[in-house]
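Below: the structure, in C-alpha cells.
The values are calculated or read from the model by the stated rules, or taken from the named source; none is laboratory data. Note that the structure is predicted; figures quoted are calculated from it, not measured. As a convention, Cβ positions derive from the backbone with ideal geometry for all residues, glycine included, and neighbour counts pool all protein chains shown. What goes into the accessible areas is simple: the full protein's heavy atoms, side chains included, and nothing from ligands, DNA or RNA. Shrake-Rupley method; radii C 1.70, N 1.55, O 1.52, S 1.80 Å.
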Amino acid sequence: QVQLVESGGGLVQAGGSLRLSCAASGRTFSNYAMAWFRQAPGKQRDFVATIGWSGRSTMYADSVRGRFTISRDNAENTLYLQMNSLKPEDTAVYYCAGSSGPYGSSRIFDFNFWGQGTQVTVAS
C-alpha cells in the first residue's frame, strides 16, 4: 500500500529555516502530483504547496510564496519543502499528500494518500 513518511520538523526561531522531507513508497512516485498541507491547532487543514509529476510545475499558497520551495526527487521517491524566513504563524503540523493524478492541485479532495504529519513550531 502507499506510504508517506514525513520528517524534518522541529522547533526554530522566527526567521530561521527548516527542510521537510516525505519518503514515498507503494506506487510509482513519478507518476503522481504531490503537495504539502498544514493544520494549526483548532483550524482546518490548509494548502501550502503542490508540484506536478515531473517537478516542472509548482503552485503555492499566497501566505508562503517567496519563502517556501517545494521540490521532488523522483529517483529517490522523495518530496521536499524548503521553508525559509519562518514566522510564528507558520506553526502547524505539516502533512505530505499524494494525488491520484499527475497534475498539482490546491484542493484537499484531490489527494487520497496522506502522511502522519510532522510538527513545525516557530518561536517568536
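Per residue, the chain exposes 51 Å² of accessible surface when a 1.4 Å probe is rolled over the protein heavy atoms with every protein chain present.
Altogether, the Stokes-Einstein calculation at 10 °C and 1.306 mPa s, with the Kirkwood radius of the stretch 1-47 over Cα pairs as Rh, returns a diffusion coefficient of 121 µm²/s. Between residue 31 and residue 7, the distance separating the two model label sites (each 7 Å from Cα on the Cα→Cβ line) works out to 2.6 nm.
Taking all protein chains as present, what is the carbon and sulfur share of the accessible area of the chain, in % to the nearest whole number, probe 1.4 Å? The computed percentage sits at 47.
Between residue 106 and residue 61, the contour length at 0.36 nm per residue exceeds the alpha carbon distance by 15.4 nm. Note that the stretch 5-13 has calculated 3J(HN,Hα) couplings of 10, 8, 7, x, x, x, 9, 9, 6 Hz, one per residue in order, obtained from phi through the Karplus relation 6.51 cos²θ - 1.76 cosθ + 1.60 (θ = phi - 60°); glycine and proline are x.
Within the shell of other residues whose beta carbon sits under 15 angstrom from the beta carbon of residue 97, the net charge comes to +2, with Lys and Arg scored +1 and Asp and Glu -1. In µm²/s, what is D for the chain at 10 °C and 1.306 mPa s, where D = kT/(6 pi eta Rh) by Stokes-Einstein and Rh is the Kirkwood radius from Cα pairs? It comes out at roughly 113 µm²/s.
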